[in-house]
Protein chains: 2
Amino acid sequence: MFYLIGLGLGDAKDITVKGLEIVRKCDKVLLEGYTSILTVGKDILEEYYGRPLVLADRELCEGAIDDILLEAKNAEVALLVVGDPLGATTHTDMLLRAKQFGVKTQIIHNASIMNAVSCCGLQLYNFGETVSIPYWTDTWKPDSFFEKIVANYSRNLHTLCLLDIKVKEPTEESLTKKVRQYMEPKFMSVKEAAEQLVQIIENNPDASGIYKNSIAVGLSRVGATDQQIAVMSLDAMRSFDLGPPLHSLVIPAPNLHPLEMDYLAQFKSDS
Amino acid sequence: MFYLIGLGLGDAKDITVKGLEIVRKCDKVLLEGYTSILTVGKDILEEYYGRPLVLADRELCEGAIDDILLEAKNAEVALLVVGDPLGATTHTDMLLRAKQFGVKTQIIHNASIMNAVSCCGLQLYNFGETVSIPYWTDTWKPDSFFEKIVANYSRNLHTLCLLDIKVKEPTEESLTKKVRQYMEPKFMSVKEAAEQLVQIIENNPDASGIYKNSIAVGLSRVGATDQQIAVMSLDAMRSFDLGPPLHSLVIPAPNLHPLEMDYLAQFKSDS
């Protein structure tokens, strides 16, 4: 049996009781570590679950997954995923491959940023399409996600922006070498996302209805005890520090429900 | 302290470890029973948690909530909610009231249909605005949700349709009487939702791009061991039984990603 188990968002105890029972009985437990992270490390999880965890990076999940699935034909194997296990395409693909191999699967759902974002008081049913904001480089500055934000905004819908994560990314120079070298892990902050958004807005003035003084909601470490939420203009958010990762950003709809306004007001910054 | 604890979607063991620890130490534990239901009843939950649960119906949650919040000033009180606790406006409102009373709050997130719907293989970031389909009566047949489905569809986005739930609804005749009488609880099935959608389509032929032979995805008891997913035309779905509640319906975008198509193909019905 191959289990995909969601860990939720905060720490070791955000796993469900059902998930924990499976982890404790499995022959092999892998921890997926490149699409998201918890606020605690692998060692804390190992101690709490009472099990050694094999770190599963992108190479393993996308390259060597068939070997793991074949192992799951005659053993109990679990892959632990931060948030809900079906948030990323990779995991849906794994389930399809498992089926081809005749391996049984079970999914243990959990909270993910896609529903826990409601902690800022904006109602989930008022969200439109979710977008991902990628890290820009000197030569590559994609901005197609902004059109989606504008499309949501024009229909009076909020947009959840998932911010880029770079974990175990090979350096450009090492791509042609035998021995891969990896970049330091990096997680886009609300500050960095706001900076890229303001640049797009300044390149397209008056075209979108969204301006640099439009309100944005920054969220960090949602679900953890030190979760932070901040409400201010995109412009001000460019210099606002929300602490350690993970961060997410929401561009609220232009017209909010009174309850949404009251709730957001708690998080308004003076700056 | 006032805790809002998500129970997830399936049974008693879908609560998180953190949530269970809080339930076991609280002075009073309420179970919200009118916005959603688990596949197991209150008695099973009480046995598993080892705690008596007070059933919190709409009247209590919307009328007598202030008394409960005041109680939480000097005691540990938890409200258990199926899915994630912030899926419904009522709970956001409770948190605002708690703040006014100076009562501390904590939210324990969990899976909800808003993210677990990804179990059908449609990717969450391809979903647009979520809609609710209400039960029609002889004289009241609202269809504004259909415009939202069409707006998503035209942007190539999927629509999650949440289906109506009637729990402890007073009968119309009893509204003017001293003693309230209540209707039998009812939960809209995928069959009933498809029937209403086909009626709307037949009243607006060719206006939307969505036809009665368009594909729909029916889901029942998501997250439970007897979860069912069925893929067929809206027309066929009018006579397809997906078993006991809760049900949800998805209208997929017109152009699917190959991985989404492959995944959905598993659930295609011959009918």
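The values are calculated or read from the model by the stated rules, or taken from the named source; none is laboratory data. Because the structure is predicted, anything quoted here is derived from the model rather than measured. Neighbour counts run over all protein chains shown; Cβ positions are idealised from the backbone, glycine included. Surface accessibility is based on the protein's heavy atoms, side chains included, excluding ligands, DNA and RNA. Shrake-Rupley method; radii C 1.70, N 1.55, O 1.52, S 1.80 Å.
Can you give me the number of residues within region A:122-141 that are more than 7 Å from chain B (Cβ to nearest Cβ) and in a loop (DSSP other than H, G, I, E, B)?
Of the residues in that region, 9 qualify.
Here is a list: B:192, B:169. Which entry is under 24 Å from residue B:142 (Cβ atoms), assigned by TED's automatic domain parsing to the domain that holds residue B:131 and surrounded by fewer than 18 Cβ atoms within 10 Å (Cβ to Cβ)?
Values: B:192 fails: surrounded by fewer than 18 Cβ atoms within 10 Å (Cβ to Cβ).
B:169 is the lone residue from the list that is under 24 Å from residue B:142 (Cβ atoms), assigned by TED's automatic domain parsing to the domain that holds residue B:131 and surrounded by fewer than 18 Cβ atoms within 10 Å (Cβ to Cβ).
Is it the case that residue A:195 is among the acidic types (Asp, Glu), closer than 30 Å to residue B:150 by Cα and modelled with pLDDT of 95 or more?
On the way: among the acidic types (Asp, Glu): yes; closer than 30 Å to residue B:150 by Cα: no; modelled with pLDDT of 95 or more: yes.
Taking the combined requirement at face value, the residue does not satisfy it.
Residue-wise test of (1) buried (at least 17 other Cβ atoms within 10 Å of the Cβ); (2) farther than 22 Å from residue A:113 by Cβ.
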residue: A:142; (1), (2): no, no
residue: A:158; (1), (2): yes, no
residue: A:161; (1), (2): yes, no
residue: A:175; (1), (2): no, yes
residue: A:182; (1), (2): no, yes
residue: A:186; (1), (2): no, no
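Determine if region B:247-255 includes at least one residue that is of a type outside the set (S, T, N, Q) and farther than 22 Å from residue A:88 by Cα.
Within region B:247-255, the first condition is being of a type outside the set (S, T, N, Q), and the residues that meet it are B:247, B:249-254.
Going one step further and asking which of them are farther than 22 Å from residue A:88 by Cα, we end up with B:247.
The answer is yes, given that some residue of region B:247-255 is of a type outside the set (S, T, N, Q) and farther than 22 Å from residue A:88 by Cα.
Residue-wise test of (1) open to solvent by less than 30 Å² (accessible area, probe 1.4 Å); (2) in contact with an Asp or Glu (Cβ under 6 Å, 6 or more places away or on another chain).
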residue	(1), (2)
A:81	yes, yes
A:84	yes, no
A:97	no, no
A:100	no, no
A:114	no, no
A:119	yes, no
A:139	no, no
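So, in region B:1-17, of the ones that are under 19 Å from residue B:72 (Cα atoms) and touching an Asp or Glu at 6+ places or on another chain (Cβ under 6 Å), which residue ends up least open to solvent (accessible area, probe 1.4 Å)?
Step one: filter region B:1-17 for residues under 19 Å from residue B:72 (Cα atoms), giving B:1-6.
Filter again for touching an Asp or Glu at 6+ places or on another chain (Cβ under 6 Å), leaving B:1, B:6.
On the way: B:1: 54, B:6: 0 Å².
Ranking the qualifying residues of region B:1-17, first place goes to B:6.
Please go through region B:18-41 and give me each residue that is charged (D, E, K, R) and surrounded by fewer than 16 Cβ atoms within 10 Å (Cβ to Cβ), ordered by number.
The first filter runs over region B:18-41 and keeps only residues charged (D, E, K, R), leaving B:18, B:21, B:24-25, B:27-28, B:32.
Within region B:18-41, B:21, B:24, B:25, B:27 qualify.
Quick check: is even one residue across region B:145-152 surrounded by fewer than 20 Cβ atoms within 10 Å (Cβ to Cβ) and within 7 Å of chain A (Cβ to nearest Cβ)?
Yes, region B:145-152 has at least one match.
Would you check if residue B:159 is at pLDDT below 95 and either β-branched (Val, Ile, Thr) or at positive phi (or both)? It would help to see each step written out before you state the result.
Numbers: at pLDDT below 95: no; either β-branched (Val, Ile, Thr) or at positive phi (or both): yes.
So residue B:159 does not fit the description; no.
Which fully enclosed helices (runs of 4 or more DSSP H) of region B:14-121 have 3 or more residues being within 14 Å of chain A (Cβ to nearest Cβ), out of contact with any Phe, Trp or Tyr (no Cβ under 8 Å at 6 or more places or on another chain) and without any contact (Cβ under 8 Å) to a residue 24 or more places away in the chain? It would help to see each step written out before you state the result.
Working: elements: B:17-25, B:42-49, B:58-63, B:65-71, B:89-100, B:113-116.
Passing ranges, in order: B:89-100.
Taking the stated definitions as given, is residue A:257 farther than 14 Å from residue A:117 by Cβ, out of contact with any Pro (no Cβ under 7 Å at 6 or more places or on another chain) and of a type outside the set (Lys, Arg)?
Numbers: farther than 14 Å from residue A:117 by Cβ: yes; out of contact with any Pro (no Cβ under 7 Å at 6 or more places or on another chain): yes; of a type outside the set (Lys, Arg): yes.
Spelling it out, residue A:257 is indeed farther than 14 Å from residue A:117 by Cβ, out of contact with any Pro (no Cβ under 7 Å at 6 or more places or on another chain) and of a type outside the set (Lys, Arg).
Scan region A:260-271 residue by residue and report those that are farther than 19 Å from residue A:221 by Cα and modelled with pLDDT under 95.
Within region A:260-271, A:270, A:271 qualify.
Could you check, for region A:256-266, whether at least one of its residues is more than 19 Å from residue B:93 (Cα to Cα) and not hydrophobic (A, V, I, L, M, F, W, C)? First the steps, then the outcome.
Pass one, region A:256-266, residues more than 19 Å from residue B:93 (Cα to Cα): none.
Scanning region A:256-266, I find no residue that is more than 19 Å from residue B:93 (Cα to Cα) and not hydrophobic (A, V, I, L, M, F, W, C), so the answer is no.
Within the bounds of region B:255-268, is there any residue that is at positive phi and either surrounded by fewer than 16 Cβ atoms within 10 Å (Cβ to Cβ) or not aromatic (Phe, Trp, Tyr) (or both)? I'd like the intermediate steps shown before the answer.
To start, the set of residues in region B:255-268 that are at positive phi comprises none.
The answer is no, given that none of the residues of region B:255-268 is at positive phi and either surrounded by fewer than 16 Cβ atoms within 10 Å (Cβ to Cβ) or not aromatic (Phe, Trp, Tyr) (or both).
Counting only residues that are in contact with a Pro (Cβ under 8 Å, 6 or more places away or on another chain) and either on the phi > 0 side of the Ramachandran plot or open to solvent by 10 Å² or more (accessible area, probe 1.4 Å) (or both), how many does region B:218-237 have?
Counting residues in region B:218-237 that are in contact with a Pro (Cβ under 8 Å, 6 or more places away or on another chain) and either on the phi > 0 side of the Ramachandran plot or open to solvent by 10 Å² or more (accessible area, probe 1.4 Å) (or both) gives 1.
Could you please find all residues in region A:86-95 being of a type in the set (Val, Ile, Thr) and either at positive phi or surrounded by fewer than 21 Cβ atoms within 10 Å (Cβ to Cβ) (or both)? Spell out how you get there, then give the answer.
Let us first name the residues in region A:86-95 that are of a type in the set (Val, Ile, Thr), namely A:89-90, A:92.
Passing the criteria: A:89, A:90.
If the requirement is being among the β-branched types (Val, Ile, Thr), crowded, with 22+ Cβ neighbours inside 10 Å and assigned by TED's automatic domain parsing to the domain that holds residue A:128, which of these qualifies: A:215, A:251? Don't jump to the end; show me each part of the working.
Values: A:215 fails: crowded, with 22+ Cβ neighbours inside 10 Å.
On inspection, the qualifying residue turns out to be A:251.
Select the helices (runs of 4 or more DSSP H) contained entirely in region B:156-271, then report the ones holding at least 1 residues which are touching a His at 6+ places or on another chain (Cβ under 9 Å), away from chain A (no Cβ under 14 Å) and touching a residue at least 24 places away in the same chain (Cβ under 8 Å). Break it down stepwise before answering.
Details: elements: B:190-203, B:234-237, B:258-265.
Output list reads B:190-203.
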